[in-house]
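Q: So that we are looking at the same thing, I have put the structure below in structure tokens.
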Amino acid sequence: MLRFILSRLLQAIPVIFIVITATFFLVRAAPGGPFDAEKVVLPEVKRALEAQYRLDLPLHEQYFAYLGDLAQGELGPSFKYPGRSVNEILFSGLPVTAELGLYALLIALLIGVTAGVFASLKPNTRQDYIPMSLAMIGICMPSFLLGPLLVLVFGIYLEWLPISGWGAIPGDKVLPSITLGAAYAAYVARLSRAGMLEILSQDYIRTARAKGLPEWLVVVKHALRGGLIPVVAFLGPAFAGLLAGSFVVETIFQIPGLGRFYVQAAFNRDYTMILGTTVFLSSLIVLFNLVSDVAAAWLNPRLRSQISGGGK
Amino acid sequence: MSSQVSTDSQGLLDEAEQGASLWQDAWIRLRRNRMAVAGGVTLLLFIILAILTPWIAPYNYEAQDLDLGASAPSAAHWLGTDVFGRDVLTQIMYGGRVSLAVGFIATAVALLIGVTWGAVAGYVGGRVDAVMMRMVDILYALPFMIFIVLLMVVFGRNVLLLFLAIGAVEWLTMARIMRSQVQSLRQQEFVEAAISLGLSPTAIIRKHVVPNALGPIIVYTTLTIPSVMLLEAFLSFLGLGIQPPQTSWGLLISYGAETMEEYPWLLIFPGLALTTTLFSLNFLGDGLRDALDVRGSKD
């Protein structure tokens, strides 16, 4: 197991390195410097600024200096907000986005697994069709449409819930979390249905039933563990999707999180901020993929014995 | 001896006929799936509308009626007008052209790169295969959503780049599918027979490999289009995709969301257009998967 984790970790390192390098040179290749935007800057001021941001050095020296900073966990100063570092901005947004993502994931898992397992118990009946049709709607209804529609119905017409903000008014976390989580609930429902259907046709389930175990125990004790492996494996990609989704949801609901900062940085052409955020978010995603891979492998006894058996 | 040859060729003929009836079977199965048929018909209708838009759109794309302003659906404007008095139906039709074009063209880019890459890796095998698929693995792990946003920021927001960027993301899965197909086909007896008969690699790929790998590729292509369209709409919604004066469903939804409190139809109708299309494509893709009996997960 340890070897498996280590080999995965070794695979992740080049990926993160490529991300850093590609992002750095892409951002540097962008047309227009960060200071030739609004106001005219005196040449000496410009030179001082360039020195501060190391823009006066040759490109490869800038790159290695940046790598050195990164190794110390330092993402550099923001272009747009002088005096604030990218680290500060990131860490002010991180808890908000993490909380939003966590709620969305909980909604996705609770609703998704329940609906998927429910549907798998009586395939091709109404108990299957209704949740699966809902799941299809969830997949085809993008968050940037679902969000405004929820706001329109529950915020404006019914006036049940606040329409924007995060943690200021009670209940303002409900709509963003649902908006972000809905599509993933749909995917999880489909995955857990498919996973359960496959497991429920296995011999050991027949054995469990033949022993006279009540059906709910067969499902909960024997089938769920195997049936949910696809869901666990999906959590890694889902995490990347949730982060991207937070771009939209945080914009719609005006939530001061990472996603909104990223979109704002993109619009402001705040290059150091874009660079820092991309590196940070990418590393998070790669790390999360790793964790979900390892968890899925650990849940799958066949794969686990193969890994412990000294394979790669 | 001569009779032996004729029975052999008879056998080949039978096989060829079976090959044809496989597609016929699939077609019959597909036609029995009502949701897939409905999806296909809707999609076809939307495509025809998109092609004919310049001739059949009720109003000129640039026509404004500032005196009228935003008005609810009426006999003159079936889906209402926006704040500039522009006809919403016309906007949606022109937006649909862009959204569908992005969906199909970006998918075609992905298809071309992915199928070529996967076929070469799978057919050549060995070290070439290992290196090529290793590259796919590494690219797979990259957080592309963030990269596309970055690309759009760095190189400006033009449609061509959008096609390329999205196509560049989506080809990876296509390459994996194609490679595994080619690899399993290579070990089949009829391909070995073709090799031993001295058929050239190109002929083998063209005559035996591609037709047999077509099923999964068709299914995955159908399912890639909606995800590409979603990606375009996502970027346009954030203001990083299609730029005015062009429009797309994602952009219309983003405008609609800004004014939905007063003019909900500006959000609802473009949303309906996008969702209906995505629905149709997903149902058609699922139907095709069942009809062509393709295993493997879409998710």
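The values are calculated or read from the model by the stated rules, or taken from the named source; none is laboratory data. Since the model is a prediction, treat every value here as computed from it, not as a measurement. Please note: Cβ atoms are built from the backbone with ideal geometry, for glycine as well, and neighbour counts cover all protein chains shown. For the accessible areas, the whole protein counts, side chains as well, though only heavy atoms, and no ligand, DNA or RNA atoms are used. Shrake-Rupley method; radii C 1.70, N 1.55, O 1.52, S 1.80 Å.
Q: Write down the accessible area per residue of chain A in Å², having rolled a 1.4 Å probe over the full set of protein chains.
A: Values: 15290 Å² over 312 residues.
Ligands and nucleic acids excluded, the figure is 49 Å² per residue.
Q: Okay, moving on. Please list B:W78, A:W166 in order of solvent-accessible area, largest first, computed with a 1.4 Å probe with all protein chains present.
A: These residues rank, largest area first, as B:W78, A:W166.
Q: Just the number, please: buried accessible area between B and A, total of both chains, 1.4 angstrom probe, nearest 100 square angstrom.
A: Values: alone 16760 and 17160 Å², together 30150 Å².
That pair hides around 3800 Å² of surface in total.
Q: Averaging sequence separations of C-alpha pairs under 8 Å and six or more residues apart, then dividing by the length of chain A, give the relative contact order as a whole percent.
A: On the way: 352 pairs, mean separation 81.3, N = 312.
Computed over chain A, the figure is 26 percent.
Q: With every protein chain kept in place and ligands, DNA and RNA left out, what is the accessible area per residue of chain B? Probe 1.4 Å, answer in Å². Mind showing how you got there, number by number?
A: On the way: 14860 Å² over 299 residues.
Normalised by residue count, the accessible surface of chain B is 50 Å².
Q: Further question on the same structure: Can you tell me, using C-alpha contacts under 8 Å and at least 6 residues apart, the relative contact order of chain B as a whole percent? Don't skip to the answer; put the middle values down first.
A: Details: 375 pairs, mean separation 75.4, N = 299.
Answer for chain B is 25 percent.
Q: Let me ask something else about it. Please determine, in degrees from 0 to 90 and to the nearest 10, the orientation of helix B:265-291 with respect to the longest principal axis defined by the Cα atoms of chain B, where the helix direction is its Cα long axis.
A: Taking Cα atoms only, the helix is inclined about 10 degrees.
Q: Please give, to one decimal in nm, the separation of the simple spin-label points placed at B:M135 and A:I137, each 7 Å out from Cα toward the Cβ.
A: Here the modelled spin labels are 4.5 nm apart.
Q: Could I ask something else about it? Probe 1.4 Å, all protein chains in place: accessible area of B:W249 in Å², nearest 10?
A: Approximately 10 Å² for this residue.
Q: Using Cα pairs under 8 angstrom and six or more residues apart, how large is the relative contact order of the range A:156-312, in percent? Don't jump to the answer; show the numbers that get you there.
A: Values: 128 pairs, mean separation 36.5, N = 157.
Computed over the range A:156-312, the figure is 23 percent.
Q: Taking a ≥ b ≥ c as the square roots of the Cα gyration tensor eigenvalues, with a/c under 1.5 meaning rounded and otherwise prolate when a/b beats b/c, else oblate, which class fits the protein assembly as shown? Before the final figure, lay out the partial values.
A: Working: a/c = 1.44, a/b = 1.27, b/c = 1.13.
Because its axes are fairly even, with a/c under 1.5, the protein assembly as shown counts as rounded.
Q: More than 32 Å apart: what percent of Cα pairs in chain B qualify?
A: On the way: 17883 of 44551 pairs.
The calculated P(r) of chain B puts 40 percent of pairs beyond 32 Å.
Q: Could you work out how far apart the two model spin labels at A:L110 and A:I5 are, taking each label as a point 7 Å from the Cα in the direction of the beta carbon, and quote it in nm?
A: 3.0 nm
Q: Using a Förster distance of 45 angstrom, determine the FRET efficiency expected from the C-beta separation of B:R186 and A:V174, and round it to 0.05.
A: Numbers: r = 54 Å, r/R0 = 1.20.
After rounding, the FRET efficiency stands at 0.25.
Q: Determine the shape class of chain A: with a ≥ b ≥ c the square roots of the Cα gyration tensor eigenvalues, call it rounded for a/c under 1.5, and otherwise prolate if a/b is greater than b/c, oblate otherwise. Mind dumping the intermediate values first?
A: Numbers: a/c = 3.46, a/b = 1.61, b/c = 2.15.
Oblate.
Q: Starting from the 7 Å offset along Cα-to-Cβ, what nm value, one decimal, do you get for the label separation of B:L199 and B:A108?
A: 2.9 nm
Q: Let me ask something else. Helix A:229-252: angle to the longest alpha-carbon principal axis of chain A, degrees 0 to 90, nearest 10?
A: For helix A:229-252, the angle is close to 40 degrees.
Q: Taking the Cα centre of the protein assembly as shown as origin, sum charge times position over the Cβ atoms of Lys and Arg (+1) and Asp and Glu (-1), and report the length of that vector in debye to the nearest 20. Numbers along the way, then the final one.
A: Numbers: 41 positive and 42 negative charges, 362 e Å.
The dipole magnitude comes to about 1740 debye.
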